[in-house]
1. If I ask for residues that are away from the ligand (no atom under 15 Å from the Cβ) and surrounded by fewer than 21 Cβ atoms within 10 Å (Cβ to Cβ), which ones from the range 93-120 would you list?
2. May I ask you to say which residue of 168, 159 is under 24 Å from residue 121 (Cβ atoms) and in a helix (DSSP H, G or I)?
3. For residue 83, are the conditions met, namely being in contact (Cβ under 8 Å) with a residue 24 or more places away in the chain, in a helix (DSSP H, G or I) and surrounded by 15 or more Cβ atoms within 10 Å (Cβ to Cβ)?
4. Enumerate the pairs (first residue in the range 354-381 and more than 26 Å from residue 326 (Cα to Cα); second residue anywhere and at pLDDT 95 or above and assigned to a helix (DSSP H, G or I)) with beta-carbon separation below 6 Å, excluding pairs fewer than 6 apart on the same chain, so at least 6 apart or on different chains.
5. For residues that are over 23 Å from residue 311 (Cβ atoms) and assigned to a strand (DSSP E or B), scanning just the range 171-222, find the one that is nearest to the ligand (Cβ to nearest atom).
6. Under 9 Å between Cβ atoms, which residue pairs at least 6 apart in sequence (or on different chains) link something in the range 127-150 that is within 17 Å of residue 175 (Cβ to Cβ) and not assigned by TED's automatic domain parsing to the domain that holds residue 170 with a partner that is within 13 Å of the ligand (Cβ to nearest atom) and at pLDDT 95 or above?
7. Please work out which residue is surrounded by the most Cβ atoms within 10 Å (Cβ to Cβ), limiting yourself to the range 223-238 and to residues that are within 12 Å of the chain's Cα centre (by Cα) and part of a loop (DSSP other than H, G, I, E, B).
Ligand SMILES: *Cc1c(COP(=O)(O)O)cnc(C)c1O
């Protein structure tokens, strides 16, 4: 049994130590963290639905109706009418044949890859894909081939070189730490040419992109035929918890029968499903939250540009400020914290070496004055 203390000490020295702040009360943009009032620009609650009164009401009603725990896995007797209705509504929302609920996005990714791939197959991943896609690929036993971020020439070469029977290309729809949108048309073209699966993890696009919030696939006016495996999470723009995979009838039946992270786990609480159904309705019907996000993002980018910050090319609520060194990212984050603004420093291994950053994220709960406060605080930064 090794002594764990030196490893922790080393992390501290490398400015890579991670710790948590304790939040009091309701999730939102004005929150109490470690007992201090602050304005947060870091959550994935992009539409502010985590505390919408109608969503909370549906959650309470769901608990009254179904109890708290679902009691069993979906394949035993944990699959409720609420889960089933949500699956049908999600499939309709994204325009796919079927959708299947998973307990988390992490588990959905593990489930898909372990059901579709085995040793000898190939999984092609964008270098900046989310850790859960990377872990899913490793767990599946398939050979991992990483390509440079959005480098389709390199992806094409790797597809040509592989002799694997079964190939799966996986990409974030909106890259979680960079905010840029994957070029789905190019990915779909290559996938079709090489008869590979294309799997898009749209954790950060779902609800946010597309005229009706359908995500990256809707943004590019694409369909199930172009992106046969679509994963969306329910804990980000939906403000709830859980995830789903959308695909063909055969894909969903295969996942029900073979995805181990689907089969061997307790179903989500039905009250969460009921809350998510209301959240979905708000996402579909209300465009104003997406419009508001767009105007906040434009206001921020214009202001940051005028202050001389070189922002990365992102049109989504994820607006990273690249600082490279972990030390600098911590300094900046602490400086903002002293001014009552919370944006944690994102450091390796969440992002590649020498690319520590402040991952600024916006929510429809923010208003213009919040953006001005953020810009003022950034302007005061000793640079
Ligand atoms: C958050 C996230 C996940 C994991 O989803 P959870 O439901 O939080 O487990 C997967 N992929 C991406 C790109 C994410 O950002």
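The values are calculated or read from the model by the stated rules, or taken from the named source; none is laboratory data. Remember, it's a predicted structure, so these values are computed and weren't measured experimentally. Please note: Cβ atoms are built from the backbone with ideal geometry, for glycine as well, and neighbour counts cover all protein chains shown.
1. Correct list: 95, 97, 118, 119, 120.
2. Exactly one residue qualifies, and that residue is 159.
3. Yes: the conditions hold for residue 83.
4. 364/289; 364/292; 364/293; 366/296
5. 201
6. Within 9 Å, no pair qualifies.
7. So the residue we want is 237.
For (1) closer than 22 Å to residue 308 by Cβ; (2) surrounded by fewer than 13 Cβ atoms within 10 Å (Cβ to Cβ), each residue gets a yes or a no:
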site	(1), (2)
326	no, no
334	yes, yes
344	no, no
350	no, no
353	no, yes
356	yes, no
361	yes, no
365	no, no
383	yes, yes
